[in-house]
Amino acid sequence: MGNDKSNIAIGLPNPKGALYWAPLGTPLPTDATTALDNAFINLGYVTEDGLTSSTAEEGDDIKAWGPETVARNQTSYGRTFTFNLLESSRASVLQFRYGKGNVKIETDGSITVDDTGEVLPHGVFVCETIETNSGGVRRHRQVLGDAQFTDRSGDMTFNNSDALTVPVSLTAYKFTDSAGKLVYAKDFWSKRS
């Protein structure tokens, strides 16, 4: 089988919303196109850098007398997702960053935030992209069935030229998928249209 250019894609955000968050235990999507459960909240616009999915794996070489490397064991494995949210005053973004109980939304639309620094709860994260190329369009859905906002240490810069952004680093934890398999993430692609 030769090379196939139709497998090369550019991952654009779903125009209806790309990043979603829901409480842990929310029913997980099982394909790329079925509507998400009503518990999912849209996290709004993301900066032009998009989302970065990173894998970190470490191990140790096992050496035989000689010295010859004969095997490698895995000592750790992890997945993180990083991105910057643009809608810094959106209620769902503030609840995501500070914890739902630390954000009070008044009937007149005013908002009060208590930055307690508390550890944020685990939840479900979904990223929805539209992958386009010369072969057509495909929807791609990444599901983290157990994720946590684990690093809020990025900067929010107030100046005359840049939009305020909320830096996010999520850690993915293993969860049991619908087939009973333990996974860090589940990816679904639709057929090309």
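The values are calculated or read from the model by the stated rules, or taken from the named source; none is laboratory data. It should be emphasised that the depicted structure is a prediction, and the values quoted were computed from it without experimental measurement. Counting neighbours? That spans all protein chains shown, and the Cβs are built from the backbone with ideal geometry, glycine included. Surface accessibility is based on the protein's heavy atoms, side chains included, excluding ligands, DNA and RNA. Shrake-Rupley method; radii C 1.70, N 1.55, O 1.52, S 1.80 Å.
Checking the conditions here, which among Arg192, Arg141 is in contact with a Pro (Cβ under 7 Å, 6 or more places away or on another chain) and either of a type in the set (Lys, Arg) or within 18 Å of Asn42 (Cβ to Cβ) (or both)?
Working: Arg192 fails: in contact with a Pro (Cβ under 7 Å, 6 or more places away or on another chain).
Only one candidate qualifies: Arg141.
Could you figure out which of (1) acidic (Asp, Glu); (2) under 19 Å from Thr129 (Cα atoms); (3) out of contact with any helix residue (DSSP H, G or I) (no Cβ under 8 Å at 6 or more places or on another chain) isn't true of Glu106?
Unmet condition: (2).
Just checking, which of Thr55, Thr34 is of a type in the set (Ser, Thr, Tyr), assigned to a strand (DSSP E or B) and open to solvent by 40 Å² or more (accessible area, probe 1.4 Å)? Before the answer, list the steps.
On the way: Thr34 fails: assigned to a strand (DSSP E or B).
The conditions single out Thr55.
Suppose we filter Leu164, Leu120 for residues that are more than 24 Å from Ala35 (Cα to Cα), open to solvent by less than 20 Å² (accessible area, probe 1.4 Å), part of a loop (DSSP other than H, G, I, E, B) and not basic (Lys, Arg); which single one remains? So that I can check it myself, show each step before the final result.
On the way: Leu164 fails: open to solvent by less than 20 Å² (accessible area, probe 1.4 Å).
Every option except Leu120 fails the conditions.
Kindly indicate whether Val103 is over 22 Å from Pro29 (Cβ atoms) and buried (at least 17 other Cβ atoms within 10 Å of the Cβ).
Working: over 22 Å from Pro29 (Cβ atoms): yes; buried (at least 17 other Cβ atoms within 10 Å of the Cβ): yes.
The answer is yes for Val103.
With the requirement that a residue be in a loop (DSSP other than H, G, I, E, B) and open to solvent by less than 70 Å² (accessible area, probe 1.4 Å), what does segment 174-191 give you?
Applying the first criterion (in a loop (DSSP other than H, G, I, E, B)) to segment 174-191 yields 174, 177-181, 184-185, 190-191.
Those that are in a loop (DSSP other than H, G, I, E, B) and open to solvent by less than 70 Å² (accessible area, probe 1.4 Å): Asp177, Gly180, Tyr184, Ala185, Ser190.
Report, by residue number, each residue of segment 52-93 that is modelled with pLDDT under 90, within 19 Å of Ala172 (Cβ to Cβ) and touching a Gly at 6+ places or on another chain (Cβ under 7 Å).
Ala56, Gln74, Thr75
Looking only at segment 1-29, filter to residues that are touching a strand residue (DSSP E or B) at 6+ places or on another chain (Cβ under 7 Å), part of a loop (DSSP other than H, G, I, E, B) and over 21 Å from Lys191 (Cα atoms); which one of those is most open to solvent (accessible area, probe 1.4 Å)?
The qualifying residue most open to solvent (accessible area, probe 1.4 Å) is Leu24.
Identify, by number, the condition in (1) polar (S, T, N, Q); (2) within 30 Å of Asp4 (Cα to Cα); (3) modelled with pLDDT of 90 or more that Thr171 doesn't meet.
Going through the list (1) polar (S, T, N, Q); (2) within 30 Å of Asp4 (Cα to Cα); (3) modelled with pLDDT of 90 or more, Thr171 breaks only (2).
Tell me yes or no: at least one residue of segment 74-86 is part of a loop (DSSP other than H, G, I, E, B) and surrounded by fewer than 18 Cβ atoms within 10 Å (Cβ to Cβ).
Filtering segment 74-86 down to residues part of a loop (DSSP other than H, G, I, E, B) leaves 86.
Then keep just the ones that are surrounded by fewer than 18 Cβ atoms within 10 Å (Cβ to Cβ); that gives 86.
Yes, that holds for at least one residue.
Looking only at residues in segment 123-146 that are among the polar types (S, T, N, Q) and in a strand (DSSP E or B), which one is surrounded by the most Cβ atoms within 10 Å (Cβ to Cβ)?
Applying the first criterion (among the polar types (S, T, N, Q)) to segment 123-146 yields 129, 132-134, 142.
Among the residues that remain, those that are also in a strand (DSSP E or B) are: 129, 132-133, 142.
Working: Thr129: 22, Thr132: 14, Asn133: 14, Gln142: 20.
Step by step, filter segment 123-146, then rank; the result is Thr129.
Only residues that are open to solvent by less than 100 Å² (accessible area, probe 1.4 Å) and at negative phi: list them for segment 38-52, please. Can you show your working first?
Quick first cut of segment 38-52, residues open to solvent by less than 100 Å² (accessible area, probe 1.4 Å) only: 39-44, 46-47, 50-52.
Once the filter is applied, which keeps residues that are open to solvent by less than 100 Å² (accessible area, probe 1.4 Å) and at negative phi, segment 38-52 yields Ala39, Phe40, Ile41, Asn42, Leu43, Val46, Thr47, Leu51, Thr52.
If you take the residues of segment 147-156 that are open to solvent by 30 Å² or more (accessible area, probe 1.4 Å) and closer than 26 Å to Thr176 by Cα, which of them is modelled with the lowest pLDDT? Talk me through it step by step, then tell me what you get.
Here is the first cut: in segment 147-156, the residues open to solvent by 30 Å² or more (accessible area, probe 1.4 Å) are 150-156.
Next, from what is left, pick out any that are closer than 26 Å to Thr176 by Cα: 150-151.
On the way: Thr150: 91, Asp151: 86.
Taking the candidates together, the pick is Asp151.
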